[in-house]
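The values are calculated or read from the model by the stated rules, or taken from the named source; none is laboratory data. Here the structure is a predicted model, which means the values were calculated and not measured. Glycine gets a Cβ as well: all are built from the backbone with ideal geometry, and neighbour counts include every protein chain shown. All accessible areas refer to the heavy atoms of the entire protein, side chains included, with ligands and DNA or RNA removed. Shrake-Rupley method; radii C 1.70, N 1.55, O 1.52, S 1.80 Å.
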Amino acid sequence: MKALVTGGAGFLGSHLVEKLLSHGFDVIVVDNLCTGSLSNLESVKSRITFFQEDVRYFMPRQKTDIVFHFACPASPVQYQKDPVFTIETSVLGTKTVLEYCKAHMSRLVFASTSEVYGDPLEHPQKETYFGNVNTLGPRACYDEGKRAAETFCFIYNSLYKVPVTIVRIFNTYGPRMDPHDGRVVSNFIVQSLRGGDLTVYGDGSQTRSFCYVSDLIDGIIRIARHNTEFEVLNLGNDEEYSIIELAKTILELTGCKNNIIHLPPQIDDPVRRKPDISKARRLLDWHPKVDLRSGLASTIEYFRSLI
Ligand code: UDP
């Protein structure tokens with residue numbers, strides 16, 4: 001089997017590339033390195049074909065059986081830096097990928113996001129929930145970009161029978177996160193190890209459900225093996241924690257005594273987020289295995305080796 005991974009030099013993409021190689025896939029990577037890094041592919045660089053290209057305008061000539069479309073800045077700090085680029089990468093990039101899939105009749109696994117649910121009014125979030133998204137806020141370039149990209153997937157499946165699985169990925173963490181990408185897990189660990197204050201936005205009562213990267217990648221591989229014409233699936237961990245609990249757990253695990261400070265809340269920051277993963281459990285026989293404390297311990301080890 002030949003696979004193409006867009007965004008394959010990123011945090012999730014590079015873990016996926018390694019796993020696909022270990023399952024015997026030939027792998028092509030397309031990444032413009034806007035947030036990814038070649039160092040993430042260091043251990044596999046001799047075994048892949050790599051194109052440093054922008055997915056809005058480029059797909060390779062080679063045919064592949066399955067495309068994993070992961071290219072897009074994904075942390076709020078990164079995706080808000082250049083909102084035009086972000087929304088174009090989701091919308092135009094996904095159209096470019098779908099045209100390729102249509103031409104080669106390749107299967108598409110599209111990396112969507114829990115952000116399509118916005119600040120959810122339904123809890124936990126099921127795939128059937130339509131979401132509560134502000135089209136005019138600072139997160140809209142990402143949320144609405146991914147929503148439009150999902151619609152493109154739906155249209156190409158309906159009109160041209162391109163087989164698509166849309167994966168709505170909930171907060172995922174682990175080794176190879178970029179220390180500068182501004183996500184809560186990496187921020188708190190880096191702040192903790194560098195002796196800085198842990199910056200909680202708002203009162204810290206907002207919640208997230210954190211999935212360890214190996215669990216997420218296991219789910220994606222199961223999706224690759226599960227042949228369907230069209231499917232939408234949540235993948236994530238369904239244990240819910242407040243951000244203040246996360247800060248305290250990280251301090252406990254690092255053994256550091258930093259202060260926790262409160263900064264103004266972020267605009268449109270979702271108040272609660274937790275996936276309903278019953279569909280993935282049923283269809284893929286998948287469930288997350290790594291609890292938060294074990295996953296954080298491995299992630300802290302990784303950041304210790306960097307800092
Ligand atoms: N957050 C925080 N301090 C930080 C970074 C993030 O309190 O230094 C909060 C943020 O306001 C949000 C949650 O942590 O409520 C998760 O933020 P992240 O940027 O990791 O991803 P999101 O789930 O918002 O896309």
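Looking across the stretch 52-65, just one residue is in contact with a Phe, Trp or Tyr (Cβ under 7 Å, 6 or more places away or on another chain) and more than 16 Å from Glu88 (Cβ to Cβ), and that is Pro60. For Trp286, the conditions (1) more than 15 Å from the ligand (Cβ to nearest atom); (2) in contact with a Lys or Arg (Cβ under 6 Å, 6 or more places away or on another chain); (3) closer than 30 Å to Cys141 by Cα are fulfilled apart from (3).
Residues checked against (1) at pLDDT below 95; (2) more than 25 Å from Cys34 (Cβ to Cβ); (3) open to solvent by less than 50 Å² (accessible area, probe 1.4 Å):
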{"site": "His123", "(1), (2), (3)": "no, yes, no"}
{"site": "Val133", "(1), (2), (3)": "no, no, yes"}
{"site": "Thr151", "(1), (2), (3)": "no, no, no"}
{"site": "Gln191", "(1), (2), (3)": "no, no, yes"}
{"site": "Asp197", "(1), (2), (3)": "no, yes, no"}
{"site": "Val200", "(1), (2), (3)": "no, yes, yes"}
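Of note, Met105 satisfies the criterion of being on the phi > 0 side of the Ramachandran plot and away from the ligand (no atom under 14 Å from the Cβ).
Residues in the stretch 253-277 that are open to solvent by 40 Å² or more (accessible area, probe 1.4 Å), in contact (Cβ under 8 Å) with a residue 40 or more places away in the chain and away from the ligand (no atom under 16 Å from the Cβ): Leu253 alone.
Annotation note: of Thr6, Thr35, the sole residue that is in contact with a His (Cβ under 9 Å, 6 or more places away or on another chain), touching a residue at least 24 places away in the same chain (Cβ under 8 Å) and polar (S, T, N, Q) is Thr6. Taken over the stretch 108-128, the residue count meeting the criterion of being under 19 Å from the mean Cα position of the chain (by Cα) and under 17 Å from Glu231 (Cβ atoms) is 11.
Only residues that are aromatic (Phe, Trp, Tyr) and out of contact with any strand residue (DSSP E or B) (no Cβ under 7 Å at 6 or more places or on another chain): list them for the stretch 1-53, please. Even if it seems obvious, please write down each step before you answer.
Keep residues of the stretch 1-53 that are aromatic (Phe, Trp, Tyr), which gives 11, 25, 50-51.
The one that is aromatic (Phe, Trp, Tyr) and out of contact with any strand residue (DSSP E or B) (no Cβ under 7 Å at 6 or more places or on another chain): Phe11.
For Ala247, the conditions (1) at positive phi; (2) within 14 Å of the ligand (Cβ to nearest atom); (3) of a type in the set (Gly, Ala, Ser) are fulfilled apart from (1). Scanning the stretch 205-226 for residues that are surrounded by fewer than 19 Cβ atoms within 10 Å (Cβ to Cβ) and of a type in the set (Gly, Ala, Ser) yields Ser205, Ser214.
Only a single item in (1) crowded, with 19+ Cβ neighbours inside 10 Å; (2) part of a helix (DSSP H, G or I) is not met by Trp286, and it is number (2).
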